Amino acid sequence: MLRPISFLVVKAVLPFIFALVFACAAAGSASDKPSDETIRSQIPGAWISQETLDGQPTTLTVEYRSDGTFGASARMTEGRYSIKLVLTGTWRVHNGYLISHTEATGAPPRVTTNEVVAVNESMLVLRDREGNIAVKRRAK
């Protein structure tokens, strides 16, 4: 008789325990977000990522400089044709977001705002407004 009662108690209490654990984990992850100062100190340097530009997969290389400027390049290939894109601009960090002002030849200036999900000496993880994640690896 004791066995069925304990099984029912465990079955009833277990979802509450899981909810509590997940709530604590979510609260802990929010406080684990890097500060603006941490982000500013970790970002300068060259980063490489695999991204999609105009529907084409490409390797994007960005060099963020400590003076708040950056340079980026990507090679796009379609069939036997290839083009190298070169961008320049400025960057800053505000409230956990990396804000880039990009200038490209033949295109209007563009401001991009990405949430910095994580950053350390080897990896930069960004989330755009649509929720897409970009993982950048430090170039060697």
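The values are calculated or read from the model by the stated rules, or taken from the named source; none is laboratory data. Everything numeric here is computed off the predicted structure, so don't read it as measured data. Here the Cβ positions follow ideal geometry from the backbone for every residue, glycine too, while neighbour counts run over all protein chains shown. These area figures cover heavy atoms from the full protein model, side chains too; ligands, DNA and RNA do not enter into them. Shrake-Rupley method; radii C 1.70, N 1.55, O 1.52, S 1.80 Å.
Among the protein heavy atoms, those of Met123 account for about 50 Å² of accessible surface (1.4 Å probe, every chain in place). Taking trypsin sites (Lys or Arg not before Pro) across region 23-130, the ones in a DSSP loop with at most 10 further Cβ atoms lying within 10 angstrom of their Cβ are Arg80, Arg129.
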